[in-house]
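Following: one structure in C-alpha cells, then a few remarks.
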C-alpha cells in the first residue's frame, strides 16, 4: 500500500465520505451523515479486507482529514471539513 495521502483509494474514501448517505446504507439508527461510517462498509465498498480499509482510514485520521467517534463499540469515520480546507489552501499556495 502506498503511504501517500493522495493515494487513489484514500481519495475515493474522502469523496464517499463527503456524502455518506449516498454511498453507504443507514445502519441501525446511526445516520452516516451525522455519526460517520464504520470500517466494515468502507471495506465492502472498496472490495478489500477490513484490515486494509482500516489502514487507509487510520492514515487519513492521523493526517487529521477524518474524525472518529465510537458508537456501540465501533469506530465511525467522518470528514473534518475544516482541516481538509486548510490542507487545500496549503496546496493552492504552493506549500
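Points worth noting:
- Residues that are assigned to a helix (DSSP H, G or I) and farther than 18 Å from residue 84 by Cα within the stretch 10-33 comprise 21, 22, 23, 32, listed in sequence order.
- Across the stretch 59-95, the number of residues qualifying as in a loop (DSSP other than H, G, I, E, B) and either buried (at least 16 other Cβ atoms within 10 Å of the Cβ) or under 9 Å from the mean Cα position of the chain (by Cα) (or both) comes to 2.
- Where a residue in the stretch 81-95 is more than 18 Å from residue 62 (Cα to Cα) and its partner, wherever it lies, is outside any helix (DSSP H, G or I) and modelled with pLDDT of 90 or more, with Cβ under 9 Å and at least six apart: none
- The stretch 34-52, residues that are in a helix (DSSP H, G or I), in contact (Cβ under 8 Å) with a residue 40 or more places away in the chain and either within 9 Å of the chain's Cα centre (by Cα) or within 16 Å of residue 11 (Cβ to Cβ) (or both): 52
- Any hit, the stretch 60-70, residues being without any contact (Cβ under 8 Å) to a residue 24 or more places away in the chain and in contact with a strand residue (DSSP E or B) (Cβ under 8 Å, 6 or more places away or on another chain): yes
- The residue list 5, 38 contains one member that is modelled with pLDDT under 95, touching a helix residue (DSSP H, G or I) at 6+ places or on another chain (Cβ under 8 Å) and at negative phi, which is 5.
The values are calculated or read from the model by the stated rules, or taken from the named source; none is laboratory data. Computed from a predicted model, the values in this text were never measured in an experiment. Neighbour counts are summed over all protein chains in view; Cβ atoms, including those assigned to glycine, are modelled from backbone coordinates with ideal geometry.
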